[in-house]
1. Using modelled backbone amide H atoms (1.01 Å from N, in-plane), which distant-in-sequence or interchain residues come within less than 5 Å of L409's amide H?
2. For an R0 of 45 angstrom, estimate the FRET efficiency from the Cβ-Cβ distance between R15 and W363 and round to the nearest 0.05.
3. Could you tally the net charge around F199, taking each other residue with its Cβ under 12 Å from the Cβ of F199, Lys/Arg +1 and Asp/Glu -1?
4. Put a dot 7 Å past each Cα toward the Cβ at W372 and A354; how far apart are the dots in nm?
5. Place the peptides 224-232, 182-190 in order of packing, highest mean first, counting for every residue the other Cβ atoms within 10 Å and averaging per peptide.
6. Using r as the Cβ-Cβ distance of A223 and V160, and R0 as 35 Å, what FRET efficiency do you calculate, to the nearest 0.05?
7. Just to verify a number: FRET efficiency for F239 and E214, C-beta to C-beta distance, R0 = 41 Å, to 0.05?
8. Sorting check: for 368-381, 29-42, 158-171, 100-113, which peptide has the highest mean count of neighbouring beta carbons within 10 Å, and how do the rest follow?
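Bear in mind these aren't lab numbers, they're just calculated from the coordinates by the rules spelled out. What you are looking at is a predicted structure, and each value in this text was computed from that prediction instead of being measured. Virtual Cβ from ideal backbone geometry, glycine too; neighbours counted across all protein chains shown.
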Amino acid sequence: MSQNATAMRTEGVLRAGGNVIADAGRLIARHGPVLLLLALVGVISRHYLLQWAVHASLVSGVLGRLVMSLVVFAQLLTIVGALLVMRAREESSRPVTGLLIASAAVILPFLVIYEHYGFLYEDTLTMGLGVAYSVIDGEGDVTSRLAGNTTFDVLVTAAVAFSIARGLTVLIRRLRPEQEHSRAMLRLIVGYAEVVWIFLSATIIREGTLGFGEWWHSRRVGAALDQWWQALELHVPAFAAALDGLWAAVLALVAAAIIGFVVPLAWLALGTLVYGAQARPLITAAGIKKRASRVIGRVREDWIERALDLATDAERRFGGAIGAVILVLRAGWAPVLVFCLAFLVADRAGWILAEIVRPLLAWQPTAVWIAWYTPIETIGEVLQRVLTLALVASAVDALLRGLGAAPALRLAPRPVGQPPASGNR
């Protein structure tokens, strides 16, 4: 009996995963051109905004970093916009207002995703190279154009941006509901200020930790551990090699966990925040407990209501992200893990495209490889983003429906004779 129950449960999970993937395909079939356009805008805007950041650094190193923050903000807007395109909305709703509200709410999980793809490092490196080439041409000097991450100007800029974001958030809460236009404009400023202070804080922390290793080895405890390790390698080399291999395995497992679970979870949290604000009136703690009694049967309803409020409150940043993660995990491990597996495939779309093209260009001279490198990289990034966003939209909608929300994806019609599995068609 238990084996049959396990088999039925596995079949149900696989069927639900298949429905999510099928709905993602239908989303691409209906919204493919718009998704491709938004993904292309995101890729191209990143390239040109980084060039503008290099030019802005001629005026001030801090101004260059502020323009760099626009790179992150532009990517955020295009991704949130793509998710909202696939989501049904009421006729009375305002698309621009919805975009600004959702963008302000998802900054934290988005920056986790942005860092995962290495874009923060690439942005810094690209700007640094651009400034270096500009200085070689006689335009300014590196010291003034590349403001250090821990300089007084950068620290003050981060503090001012944080103060602006907090102050305007308080003002938004005090505005009357009929002043929605003013609230939307203030949310735009708040969103950019949030990106600025979080982006600058991340770079400050990164630079501050670069010298940690040297500092640690100069301390008495660090020097003693170094001597102990050298003695161990000298007298018991086999044991030292085993410890070294074990440490490498631990680091590999941590990296695999980040790629295979933490990043997909950040995508789900981002999508839950974007869609959750629209689904909140339909979700109650009682409804969640009824649908997922085995998972959260003993959790108090007021705790669940608190998580729902956090996940759908556009004025909260860290609380919203935490609440969204709680909701994702409350949906159960099985659907989350199925999404993680599908995400790993979509996330490697660019690499798969490059491997397909590689044999076709293998016989070409180096100049052809160089000419095709950027177009192939751009197409791969656009393809990866479209597939990932469609998958995230489908998975989040399925998650919210499991929590009691009504289906709300704008899907292409199903083939004749195929039974509906989910969603508002």
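1. A88, N424
2. Values: r = 45 Å, r/R0 = 1.00.
The formula returns an efficiency of 0.50 here.
3. Details: positive: R65, R206; negative: E115, D123, E194.
Once positives and negatives cancel, what remains is -1.
4. 1.4
5. Values: 224-232: 11.4, 182-190: 18.3.
In descending order of packing, they fall as 182-190, 224-232.
6. Numbers: r = 41 Å, r/R0 = 1.16.
So the FRET efficiency works out to roughly 0.30.
7. Values: r = 27 Å, r/R0 = 0.67.
Result of the calculation: an efficiency of 0.90.
8. On the way: 368-381: 13.7, 29-42: 17.6, 158-171: 15.9, 100-113: 24.2.
In descending order of packing, they fall as 100-113, 29-42, 158-171, 368-381.
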